[in-house]
Amino acid sequence: MADLSWLRVGGAVDLLFQPAHMADISTFMRAVPDDVNVMPIGVCSNLIVRDGGIRGAVIRLGRGFNGFEVMANGCVRVGASALDAQIAKKAAEAGFDLTFLRTIPGAIGGAIRMNAGCYGHYLADVFVSATAVRRDGKVVTLKPQDMDFAYRHTGLPPDLVIVQAVLSPPKGEPAALEAKMAAALEMRAKSQPVKERSCGSTFRNPAGFSTYSGY
Ligand SMILES: Cc1cc2nc3c(=O)[nH]c(=O)nc-3n(C[C@H](O)[C@H](O)[C@H](O)COP(=O)(O)OP(=O)(O)OC[C@H]3O[C@@H](n4cnc5c(N)ncnc54)[C@H](O)[C@@H]3O)c2cc1C
């Protein structure tokens, strides 16, 4: 796991599964015996894996799941393995404000699972729905009422694999969004050692507030 994790630590997992497409995940879930733990991961920026590794199976979504698409209804569809920063940049180019994702080092699946947020904006604010695969292999659509969003929290089962999501971000001018992202990067660099592999914030913000929301 050290090769896959943000902090470059962690022993071996029993089984690492990298699906090519959604049907692969369903097939895998049905094939794995019920008593084997299954855990989806993103880029492990919110995980520290112990030296003893992970017992069970880890599912890591790859390139087949990193899409970004503007939908006819004015929403965007994003793949779970796409990096938050990449999605923020692609959205800005298309005139959508997902700038709060620009400085978060994770991927979209982890951002949804953790209700990632920055500078007063949260994934929950823009969440419309997500497609996910359950432990029994069934594909389900999750709506906001299924999520139990709270500060860095959802109530999703730990073995549910989020595959993609539909988000409804506010609109913005690409140049203004670009400037907002540059300001966010600057702000982050002032408050965290961005050139080191740190864990980011060590403490929770009080009562769901971010420390700065004025940019
Ligand atoms: C330097 C640094 C700065 C950070 N700054 C912020 C910040 O500003 N705001 C913030 O909110 N967080 C921040 N974080 C924490 C972290 O980046 C977020 O929690 C991020 O959303 C985790 O995404 P990930 O892809 O790395 O998920 P992982 O760490 O791989 O997994 C986190 C959780 O999500 C689950 N998960 C991952 N992918 C999926 C999937 N496809 N389907 C279902 N479940 C999944 C995992 O099982 C696990 O429970 C920071 C971390 C670091 C190291």
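Scanning the range 95-124 for residues that are at pLDDT 95 or above, surrounded by fewer than 23 Cβ atoms within 10 Å (Cβ to Cβ) and more than 8 Å from the ligand (Cβ to nearest atom) turns up G95, D97, A124. When V36 is tested against (1) loosely packed, with under 15 Cβ neighbours inside 10 Å; (2) within 9 Å of the ligand (Cβ to nearest atom), just one condition goes unmet, and that condition is (2). Can you pull out every residue in the range 172-198 that is more than 12 Å from the ligand (Cβ to nearest atom) and either without any contact (Cβ under 8 Å) to a residue 12 or more places away in the chain or in the same structural domain as L142 (by TED's automatic domain parsing) (or both)? Across the range 172-198, the qualifying residues are A175, A176, A179, A182, E186, K190. Taken together, R152, R134, R77 contain a single residue that is of a type outside the set (S, T, N, Q), modelled with pLDDT under 95 and surrounded by fewer than 19 Cβ atoms within 10 Å (Cβ to Cβ), which is R152. When only residues in the range 1-15 that are free of Cβ contacts under 8 Å to residues at least 60 places away in the same chain and closer than 18 Å to A107 by Cα count, which is surrounded by the fewest Cβ atoms within 10 Å (Cβ to Cβ)? Of everything passing the filter in the range 1-15, D3 is surrounded by the fewest Cβ atoms within 10 Å (Cβ to Cβ). Return only the number of the condition from (1) over 23 Å from G74 (Cα atoms); (2) within 16 Å of the chain's Cα centre (by Cα); (3) hydrophobic (A, V, I, L, M, F, W, C) that A183 does not satisfy. Evaluating A183 over (1) over 23 Å from G74 (Cα atoms); (2) within 16 Å of the chain's Cα centre (by Cα); (3) hydrophobic (A, V, I, L, M, F, W, C) leaves (2) as the failure.
As a summary of the residue check, G52 satisfies the conditions (1) within 30 Å of C118 (Cβ to Cβ); (2) out of contact with any helix residue (DSSP H, G or I) (no Cβ under 7 Å at 6 or more places or on another chain) except for the one numbered (1). Residues of the range 150-164 include none that is in a helix (DSSP H, G or I) and more than 9 Å from the ligand (Cβ to nearest atom).
Quick grid of which residues meet (1) under 20 Å from E196 (Cα atoms); (2) in contact with an Asp or Glu (Cβ under 9 Å, 6 or more places away or on another chain); (3) part of a loop (DSSP other than H, G, I, E, B):
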residue	(1), (2), (3)
W6	yes, no, yes
L16	no, no, no
F28	no, no, no
M39	no, yes, no
I48	yes, no, yes
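A count restricted to the range 16-40 and to residues that are touching a residue at least 60 places away in the same chain (Cβ under 8 Å) and aliphatic (A, V, I, L, M) stands at 5. Of all residues assigned to the range 40-51, at least one qualifies as being away from the ligand (no atom under 14 Å from the Cβ) and farther than 22 Å from E173 by Cβ.
Report yes if some residue within the range 80-90 is of a type in the set (S, T, N, Q) and crowded, with 22+ Cβ neighbours inside 10 Å; otherwise report no. Checking the range 80-90: at least one residue is of a type in the set (S, T, N, Q) and crowded, with 22+ Cβ neighbours inside 10 Å. Answer yes or no as to whether G52 is assigned to a strand (DSSP E or B), outside the structural domain of R152 (by TED's automatic domain parsing) and free of Cβ contacts under 8 Å to residues at least 60 places away in the same chain. No.
The values are calculated or read from the model by the stated rules, or taken from the named source; none is laboratory data. Computed from a prediction, not measured in an experiment: that's the story for all the values here. Neighbour counts are summed over all protein chains in view; Cβ atoms, including those assigned to glycine, are modelled from backbone coordinates with ideal geometry.
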